[in-house]
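Everything below concerns the one structure shown next.
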Amino acid sequence: MSPGFPSPPIPPMEPVKCEKAFDSEDHIFQVKWDGVRVLAFFNGAEVTLQNRRLHDRTRQYPELQSLRQLVKHPVIIDGEIIALKDGNPSFPTVMRRDGVRSANTAASLVKTVPISYMVFDILYYRNNLTTDLPWYKRHEILQDVLSAMHPPFHVVDNFTGGLELFAQVQRMKLEGIVAKVKDSRYIPGGKSSLWKKIKNRPLLTCHIGGFTRRGTTANSLLMGIFEQDRLLYIGRAGSGLREEQWESLTRVLSGVKTSSPPFENPPQQTGITWVKPVYQAAVEYTEWTEKTHLRSPVIKQIL
Amino acid sequence: MRSLWKGFLGFGLVSIPVKLYVATEKKDVKFRYLHQACMTPVQYQKRCPTCNKELDNSEIVYGYEYQKGRFVVLSEEDFARIPLPSTRSVEILNFVDLNQVDPLYFDKSYYLEPGDGGSKPYLLLLQAMEATGKIAIARVVIRTKESLAAVRVKDRVLVMETMFFPDEVRSYAGLELPGDNIQIHENESKMAISLIENLTTDFDPDQYQNRYRQALREMIEAKIAGQEVEVSPEAPAANVVDLMEALKQSVKMTEKPRKRKRTAKTGVGT
């Protein structure tokens, strides 16, 4: 235990939104990994975890206790916990870990829902806060502290070209990029323009599990994604289709009606026609809400 | 804490509304039986070996075995017909001195809380019992069973101990106990008494812990922790690396990945 070690929680530094990707000599660019923001505190004896909303998450991610073996000195590191599904980070998948209350369940999910901790900053090292050091200094320390590869810990990569990285992130359907001023300090709790996020509008293939109607025609779709064998409700999408598309979709979906909701967590709402989740739709959205629903989804295509 | 039932504490002509709470709880570590091969919790079925079928609860009745293999059947109505003077009450019969009641008789402990309008008579009884130093012997019905009980004052609450009836307490007549033929020297006796005096303290329940349960819990925690350590599945970890590699291949990095100077030595950062 180190005297003067800051105790959690510390509100993390957050980026401001930026509409367009850019190039800049003063910035470095990182992938914005889509998961749960977590600060890890190692005081020399124990590892505690804390999320963006300052809640304790120590119990949920027991594998990050291995930080104790990785570093010799007290540290506070900042990063994003992600879980992959079909090779890409999936927010609903990591949420299966994040909501767990019991230590037993958390321990069993370590194996079935593996996570990675994408570390991008360091706030404390040995006996000192590093928050007033410029970003590039902090990153040097971070690379020293987590020098070799130790899954689930991964130090994120830094790129010079924002436009180039954003294009690649779009191709790979990742969440977006973050631009950071090279000599900026870490401002806890600050939404600072020293960090800028540029978000991709990701496309997600969802299963259709129900619809609502206006008159006789469907006017919104209830979307779900499969997490293992369970269909998870992730929200309702009502824009993106033309009237004649809704009409033909209504006919198609009426053929697969079912009496009970196909979702594990069906919305508490009346007037829904449930369907077997055999049809899929590609849906564009801005981000995930806290409840693991899609924010402003737009239907791009019925598959 | 949820009350077990609401009823009345009868004391002469007074009837005090009370709520009954269980005062103690077992904290044993619970285990489930698993099928070793697939780790599925084992299910229990009620089966009839004669008809060779699984039974529904509605097909099951109570039987009293009065002779080996011979039963009389009791139905719900039969049970309902048994005359019980008090279905939800604690009827005080007498008051006695606590030290006259052997702890052997005590079974389970309950707290009594005054119900609506019961506060004053409750306090009156409590204070009167405190002043006289007596405890009450009562007849109580909990669920469908009648038992004997002792009601006593503990701090500011009335505590009820259900008691075994005398015919439920076994006799020690069959045990081989030391008789009068054994001689004990005065010095031996003095030694034993002084040992007792040396070990005498005030009773402080907090100083006693269940060491077995503690050790068991520690072992379970260690096993859970052990599962964490053996984990770090190769494939998914590699996937993140793949993803990071794919990005690196197509986009320029700020610098060449740093030489991993310390990995050769320990593989651990400083």
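The values are calculated or read from the model by the stated rules, or taken from the named source; none is laboratory data. None of the values given here were measured: they were computed from a predicted structure. A quick note on method: Cβ atoms are made from the backbone with ideal geometry, for glycine too, and the neighbour counts reach across all protein chains shown. Areas reflect the complete protein model, heavy atoms only, side chains present, ligands, DNA and RNA absent. Shrake-Rupley method; radii C 1.70, N 1.55, O 1.52, S 1.80 Å.
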*Taking segment A:202-220, which residues are of a type outside the set (Val, Ile, Thr) and outside any strand (DSSP E or B)?*
A:202, A:215
*Output the number of residues of segment A:126-184 satisfying the condition of being assigned to a loop (DSSP other than H, G, I, E, B) and either hydrophobic (A, V, I, L, M, F, W, C) or crowded, with 16+ Cβ neighbours inside 10 Å (or both).*
19
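Name every residue in segment B:80-97 that is among the β-branched types (Val, Ile, Thr) and modelled with pLDDT under 90, in order of residue number. Spell out the reasoning first.
If we filter segment B:80-97 for residues that are among the β-branched types (Val, Ile, Thr), which is where we start, we get B:82, B:87, B:90, B:92, B:96.
Listed by number, the residues that qualify are B:82, B:87, B:90.
For segment A:7-26, give me each residue that is more than 23 Å from the chain's Cα centre (by Cα) and either of a type in the set (Gly, Ala, Ser) or within 18 Å of residue A:142 (Cα to Cα) (or both).
Applying the first criterion (more than 23 Å from the chain's Cα centre (by Cα)) to segment A:7-26 yields A:7, A:23-26.
If the condition is that a residue be more than 23 Å from the chain's Cα centre (by Cα) and either of a type in the set (Gly, Ala, Ser) or within 18 Å of residue A:142 (Cα to Cα) (or both), then A:7, A:24 are the ones that fit.
Scan A:89, A:62, A:11 and give me the residue that is in contact (Cβ under 8 Å) with a residue 24 or more places away in the chain and either small (Gly, Ala, Ser) or surrounded by fewer than 21 Cβ atoms within 10 Å (Cβ to Cβ) (or both). Write out each step before concluding.
Values: A:89 fails: either small (Gly, Ala, Ser) or surrounded by fewer than 21 Cβ atoms within 10 Å (Cβ to Cβ) (or both); A:62 fails: either small (Gly, Ala, Ser) or surrounded by fewer than 21 Cβ atoms within 10 Å (Cβ to Cβ) (or both).
Answer to the selection: A:11.
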*Sort out which residues of segment A:220-232 are closer than 19 Å to residue A:295 by Cα and exposed (fewer than 15 other Cβ atoms within 10 Å of the Cβ), and write them in order of number.*
A:226
*Can you work out which of the residues in segment B:244-257 that are more than 7 Å from chain A (Cβ to nearest Cβ) and modelled with pLDDT of 75 or more is least open to solvent (accessible area, probe 1.4 Å)?*
B:245
*Can you name the number of the only condition in (1) at pLDDT below 85; (2) within 21 Å of residue B:16 (Cβ to Cβ) that residue B:144 fails?*
(2)
*Those residues that are in contact (Cβ under 8 Å) with a residue 12 or more places away in the chain, of a type in the set (A, V, I, L, M, F, W, C) and within 8 Å of chain B (Cβ to nearest Cβ), I need them from segment A:116-155; list them, please.*
A:118, A:145, A:146
*For segment A:92-115, name all the residues that are outside any helix (DSSP H, G or I), more than 12 Å from chain B (Cβ to nearest Cβ) and open to solvent by 40 Å² or more (accessible area, probe 1.4 Å).*
A:99, A:101
*How many residues does segment B:124-146 hold that are touching a helix residue (DSSP H, G or I) at 6+ places or on another chain (Cβ under 9 Å), closer than 21 Å to residue B:108 by Cβ and surrounded by fewer than 18 Cβ atoms within 10 Å (Cβ to Cβ)?*
1
*Wholly within segment A:238-303, which strands (runs of 3 or more DSSP E) include no fewer than the required count, namely at least 1 residues that are small (Gly, Ala, Ser), surrounded by fewer than 17 Cβ atoms within 10 Å (Cβ to Cβ) and within 24 Å of the chain's Cα centre (by Cα)?*
A:280-284
*If you take the residues in segment B:20-60 that are within 20 Å of the chain's Cα centre (by Cα) and of a type in the set (D, E, K, R), which one is nearest to residue B:118 (Cα to Cα)?*
B:25
